[in-house]
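> Provided herewith is a single structure, encoded as structure tokens, for subsequent inquiry.
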Amino acid sequence: MLKACHALQVPVVARGAGTGLSGGAMPHAMGVTMSLAKFNRILKMDPESRTAVVQCGVRNLAISEAAAPYGLYYAPDPSSQIACTIGGNVAENSGGVHCLKYGLTVHNVLAVKGFTVEGEPVEFRQCRAGRPRLRPAGRRHRQRRHAGRDHRGHRQAGAQAAAGPLHHGQL
């Protein structure tokens with residue numbers, strides 16, 4: 001679909017839950033709105049490395065609920081965590097009350113896979129040592145910052161319109 005729309009110069013807007021307040025998923029009058037809400041599966045939960053691989057339509061609260069049996073939760077939660085999705089969080093670089101302590105979405109995403117506006121698959125990764133992302137519940141955890149980290153993964157967070165639709169990410 002992306003390749004066809006690009007060839008015909010038809011704008012495509014990726015849309016998830018629609019909870020954003022900034023208008024990042026506003027439909028274009030002459031374009032196509034691509035719903036990503038049904039990409040809502042948690043593909044992998046790894047409590048040992050404190051990471052999860054999720055599709056773009058997974059709600060933030062669902063991640064925390066899936067991580068809870070391991071004593072973990074997903075920290076960068078906007079106030080709409082019940083309905084908002086990871087795809088929208090990555091597109092808008094969302095944060096919430098925990099972002100002062102744990103950082104925004106961009107600080108908690110290790111990799112994203114998606115597609116360019118031309119329809120070509122693309123992957124962005126961050127290479128970072130000491131990278132636990134899901135936080136221990138009820139315990140303080142200091143976020144580590146590393147001077148030599150790779151910022152290529154930062155291009156996708158907050159830049160969905162430029163980079164294209166997100167399919168899934170590793171948190």
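> Please work out if GLU118 is in contact with a Leu (Cβ under 8 Å, 6 or more places away or on another chain), touching a residue at least 12 places away in the same chain (Cβ under 8 Å) and of a type in the set (Asp, Glu).
Working: in contact with a Leu (Cβ under 8 Å, 6 or more places away or on another chain): yes; touching a residue at least 12 places away in the same chain (Cβ under 8 Å): yes; of a type in the set (Asp, Glu): yes.
Here the answer is yes, as GLU118 does meet what is asked.
> Something else about it: What's the number of the condition VAL112 fails, among (1) at pLDDT below 80; (2) closer than 30 Å to PRO11 by Cα?
Looking at each condition in turn, VAL112 falls short on (1).
> Of the conditions (1) more than 18 Å from LEU110 (Cβ to Cβ); (2) under 12 Å from the mean Cα position of the chain (by Cα); (3) free of Cβ contacts under 8 Å to residues at least 60 places away in the same chain, GLY16 clears all except one; give me its number.
Only one criterion is unmet by GLY16, namely (3).
> Quick check on my filter: what residues within the range 45-90 are open to solvent by 20 Å² or more (accessible area, probe 1.4 Å), among the aliphatic types (A, V, I, L, M) and part of a strand (DSSP E or B)?
Matches in the range 45-90: MET45, VAL53.
> Return the residues of the range 28-42 that are over 14 Å from the mean Cα position of the chain (by Cα) and not basic (Lys, Arg); say none if nothing qualifies.
Applying the first criterion (over 14 Å from the mean Cα position of the chain (by Cα)) to the range 28-42 yields 28-35, 38.
HIS28, ALA29, MET30, GLY31, VAL32, THR33, MET34, SER35, listed by residue number.
> Among the residues of the range 1-35 satisfying the criterion of being at pLDDT 85 or above and touching a Lys or Arg at 6+ places or on another chain (Cβ under 7 Å), which is least open to solvent (accessible area, probe 1.4 Å)?
MET34
> If the requirement is being in contact with a strand residue (DSSP E or B) (Cβ under 6 Å, 6 or more places away or on another chain) and modelled with pLDDT of 75 or more, which of these qualifies: VAL90, VAL106, VAL117? Step through it out loud before you land on a result.
Values: VAL106 fails: in contact with a strand residue (DSSP E or B) (Cβ under 6 Å, 6 or more places away or on another chain); VAL117 fails: in contact with a strand residue (DSSP E or B) (Cβ under 6 Å, 6 or more places away or on another chain).
Unique residue meeting the criteria: VAL90.
> Working only within the range 97-127, note down all residues that are within 14 Å of the chain's Cα centre (by Cα) and open to solvent by less than 30 Å² (accessible area, probe 1.4 Å).
GLY103, THR105, VAL106, ASN108, VAL109, LEU110, ALA111, VAL112, GLY114, GLN126
> Related question: Could you grab me the full set of residues in the range 102-126 that are touching a Pro at 6+ places or on another chain (Cβ under 7 Å), part of a strand (DSSP E or B) and within 15 Å of GLU92 (Cβ to Cβ)?
Within the range 102-126, GLY114 is the sole residue that qualifies.
The values are calculated or read from the model by the stated rules, or taken from the named source; none is laboratory data. In this text, all values refer to a predicted model and were calculated from it rather than measured experimentally. Note that each Cβ is placed from the backbone with ideal geometry, even for glycine, and that neighbours are counted across all protein chains shown. We work out accessible area using only protein heavy atoms, side chains counted, and drop any ligands, DNA or RNA first. Shrake-Rupley method; radii C 1.70, N 1.55, O 1.52, S 1.80 Å.
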